[in-house]
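Values quoted throughout were computed directly from the atomic coordinates according to the rules given, and no laboratory measurement underlies them. These figures come from a predicted structure and were not determined experimentally. Quick reminder, even Gly has a Cβ in these numbers, built from the backbone with ideal geometry, and neighbours come from all protein chains shown.
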Amino acid sequence: MSGRAAGIDDSLQAQATPVPGLWPGFWATLRRDLLLAFRHRGEMANPILFFLMVITMVPLGISPEKAVLAMLAPGMLWVVALLATLLSLDGLFRSDFEDGTLEQLLIAPQPLYFQVLAKVLVHWLTSGLPLTLMAPLLGVMLSLPEGGYGVLVLSLLLGTASLSLIGSIGAALTVALRKGGLLLSLIILPLYVPVLIFGASAVTSVVEGFPASGQLAILGAFLATSIVLAPLAAAGALRISVNG
Amino acid sequence: MGWQWFHRLGSPRWFYEKSSAWIPWLAVLSIALLLWGSVWGLAFAPTDFKQGNSYRIIYIHVPAAFLSLAGYYVMAISGAIGLIWKMKLADMVMKSAAVIGAVLTFVSLVTGAVWGKPTWGTWWVWDARITSMLVLFFLYLGVIALQEAYQQQDTANKASAILALVGMVNIPIIYKSVDWWYTLHQPATIKFTSESTIHPSMLYPLLVMVIAFYLFYALALLLRTRSEILYRERKTRWVQELAEAGKGSH
Amino acid sequence: MLQFESLSELWNMAGHGPYVWACYLITAIAIVYLLVSPLRRRRQLFEQLRRQARIEAAGQSDARRPDF
C-alpha cells in the first residue's frame with residue numbers, strides 16, 4: 001500500500017518539477033521496486049526456498065553417494081537455479097499491470113527501455129543474486145569438489161543476470177494473460193539453453209581441472225548482448241500487452 | 001509503380017483471389033516430385049554399404065529438417081513485416097507458418113529417432129542436430145501456445161511475432177551452443193557420416209526431395225493462409241458470397 | 001537401377017524395412033494432414049456461414065409477420 005503511495009509521490013514530484021531526465025527516472029523506478037520487494041520479503045524468499053528444497057530432493061531421488069552427487073552437482077545447481085529464476089519471473093510486471101502503474105510507465109517521458117532495465121535489475125537483485133549467494137552452501141550439500149565454488153558463484157552471477165533479462169521478454173509478453181505463469185515457462189525455457197550450457201560447463205570444467213575463462217567470457221558476452229537487446233524486446237512486448 | 005504489388009498484398013481478398021490460380025500448379029508439381037523422389041530414394045538409389053537400407057530415411061529426414069529451420073525464418077520475417085507495416089496478410093502467413101513448421105520439425109525429429117534405432121541401436125541419442133531440432137520444436141510450440149492464449153487476434157499476432165523474432169535472434173546462438181556442448185561430450189564411437197561423402201547417385205534423389213519439400217511447403221503455407229483469410233474475413237460480404245456460391249473449388 | 005529383386009525384398013529391406021516404411025508412413029500422414037486440415041476448415045466455415053445466412057433470412061421474414 002505504502003509502496004503505491006511512494007509511486008504517486010514520485011509522479012506528483014514529476015508534475016511539479018520540469019520533466020526528470022533519464023537517470024532520475026531510472027533511479028525512481030529502481031528505488032520504488034526495491035522498496036516494494038523489501039516490503040514483501042516473504043515472496044522474495046520463495047525462489048530461494050524452492051532452490052533449497054529441490055536440491056534436497058536430488059540425493060533422495062538419486063543417491064546420497066558422494067561421487068555421484070559430485071558429478072551431478074554443477075548441472076543440478078544450474079538447472080535448479082534456472083527454474084527458481086523462472087518461478088519469480090511471472091511477478092515481474094504483474095502487480096504493476098494490475099494496479100495501472102505499467103500504463104504510467106508507458107506514457108512516462110523517460111524511455112521505456114531504462115524503466116524495464118531498472119525493473120529487471122531489481123528482479124535480479126531479489127532473485128538471481130540471493131540464489132547465487134546461496135549456491136555455495138548447496139554445493140557443499142551436493143559435495144561439489146573444492147575448486148568449483150569460485151566459478152560456480154561467478155558463473156551464476158553472470159548467468160542469472162542474463163536469465164532475468166531474457167525472462168523479462170516472456171514476462172512482458174504474458175503479463176496480460178490471466179494464466180500466464182506456465183506459458184511463460186514454455187516460451188522462455190528454450191531461450192535459456194545457451195546460458196545453461198555454458199554456465200554448467202564452466203563449473204564442470206573447473207572441477208575437472210581445466211580453466212573456465214572461455215565459458216565465463218561467453219557468459220559475459222551473453223549478458224552484454226541481453227542488456228542491449230532484451231529490454232528493447234520487453235519494452236515492445238509491454239506496449240503490445242497493455243495497449244493491445 | 002513497381003511497389004503496387006506490395007501494397008496490394010495488404011488486401012487479403014486480392015491475395016485470395018490471385019492465389020487461386022497457383023494452387024493446382026503447386027499441388028501437381030509438389031506431389032509429383034514427392035512421389036518421384038520417394039520411389040527413387042526407396043527403390044532405385046544404391047544401398048549404403050555402411051548403414052544398409054536405413055539410410056533411405058534421410059530422403060525425408062533431411063528435407064524436413066531443412067524446412068523446419070527455413071520455416072522458422074519464414075514465420076519470424078512475416079511476423080516482422082506484420083509488426084512493421086501492419087500488413088494483415090503477413091500476420092496470417094505467420095500463424096500458418098507456425099503450425100506447418102511445428103509439424104515438419106516433429107516429422108524430422110521422429111524420422112531422426114527411427115533412423116537412430118537401426119543405425120545406433122537406440123531410439124534417442126543426444127546428438128547435436130537432434131537436440132537443437134528438439135529445442136527448435138519447443139520454440140515453435142511456444143509461438144503457437146502464445147498465439148492461442150490471446151483472445152484478441154491483433155494482440156496475439158503482435159505478441160507471437162515478437163516471440164518469433166526473439167527466437168530468430170536466438171536460433172544461431174542455440175545451434176552454436178548445442179554444437180559446442182556436443183563436441184564436449186561426444187562419445188568417440190558415435191559419429192554422423194558426413195553428407196559430403198555421399199555418392200552422387202544417392203544425392204540426386206535427395207535433391208529431388210529437397211525441391212519437392214520446398215514446393216510442398218509453399219503449397220501447405222498457401223492453403224493454410226487462405227483458410228485463415230476466409231476465417232478472419234468471415235464477416236465480410238465477399239467471403240459470405242463465396243460461401244453462398246458454395247462448392248467452388250479451392 | 002532397381003535395388004530390390006522382389007516386392008517382399010523391397011518391403012523387408014534386409015531387416016531395415018519396418019524403420020524405413022514407418023518413417024515414410026509418418027511423413028505421409030503429416031503431409032496429408034497439412035493439406036487436408038485447411039481445406040476441411042474452409043468447408044466447415046462455409047457451411048457455418050450458409051447456415052447463418054439461412055437463419056438470418058428466416059429471422060427477417062419472421063420480423064415481417066404481424067404480431068399477435
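Quick notes
- Sequence of A:Thr101, A:Thr225 once ranked by neighbouring C-beta atoms within 10 Å, starting from the fewest: A:Thr225, A:Thr101
- Cα pair distances exceeding 22 angstrom across the range B:92-173, given as percent: 34
- Degrees separating the helix A:193-207 axis from the principal Cα axis of chain A, which is the longest one: 40
- Note on B:Lys88: lysines with a C-alpha under 17 Å away, same-chain residues under 8 apart excluded, are B:Lys18, B:Lys158, B:Lys235.
- Across peptide A:228-240, the average count of Cβ atoms from other chains found within 10 Å of a residue's Cβ is 3.
- Intensity falloff of the range B:79-219 expressed as log10 I(q)/I(0), Debye formula with alpha-carbon point scatterers, at q = 0.15, 0.16 Å⁻¹: -0.92, -1.00
- Most positive-pole-ward Cα, B:Phe6, B:Met168, B:Ser68, against dipole of chain B from beta carbon charges: B:Phe6
- Partner chain coverage, peptide B:157-166 - average Cβ within 10 angstrom: 6
- Rg and Dmax of chain B, both derived from C-alpha coordinates alone, stand at 20.5, 65 Å.
- Counting only the Cα atoms, the range A:104-148 fills a convex hull of 76 Å³ per residue.
- 20 °C / 1.002 mPa s Stokes-Einstein diffusion coefficient of the range A:45-243, Kirkwood radius on C-alpha pairs, µm²/s: 124
- Label sites at C:Val32 and B:Ser19, each approximated as a point 7 angstrom past Cα along Cα to Cβ, lie 2.5 nm apart.
- About the centre of its Cα atoms, the protein assembly as shown shows a dipole size close to 1520 debye [charges on the beta carbon of Lys, Arg (+1) and Asp, Glu (-1) only; nearest 20 debye].
- Tilt relative to chain C, helix C:17-64 - C-alpha long axis, 0 to 90 degrees, to 10: 10
- The range A:132-227 - Rg over Rh from alpha carbon coordinates, Kirkwood radius: 1.05
- Counting every other Cβ atom within 10 Å of each residue's Cβ, A:Ile197, A:Ile62, A:Ile169, B:Ile77 order from fewest to most as A:Ile62, B:Ile77, A:Ile197, A:Ile169.
- Using a Förster distance of 41 Å, the FRET efficiency for A:Leu232-A:Ile62 (Cβ separation, nearest 0.05): 0.50
- Computed extension length for A:Leu87-A:Leu182: 33.3 nm, one decimal, from 0.36 nm per residue of separation with the Cα-Cα distance subtracted.
- Calculated FRET efficiency for the pair B:Trp124/C:Ser6, C-beta based, R₀ 35 Å, to 0.05: 0.55
- Label zone at B:Ser201 (point 7 Å along Cα-to-Cβ), backbone N below 12 Å, the range C:1-22: C:1-4
- Counting beta carbons within 10 Å around each of B:Lys117, B:Lys50 and listing the fewest first gives the order B:Lys50, B:Lys117.
- If R0 is taken as 56 Å, the Cβ-Cβ distance between A:Leu35 and A:Glu208 corresponds to a FRET efficiency of 0.80.
- For the protein assembly as shown, the average shadow cast by the Cα convex hull is 37.2 nm², which is a quarter of the hull's surface.
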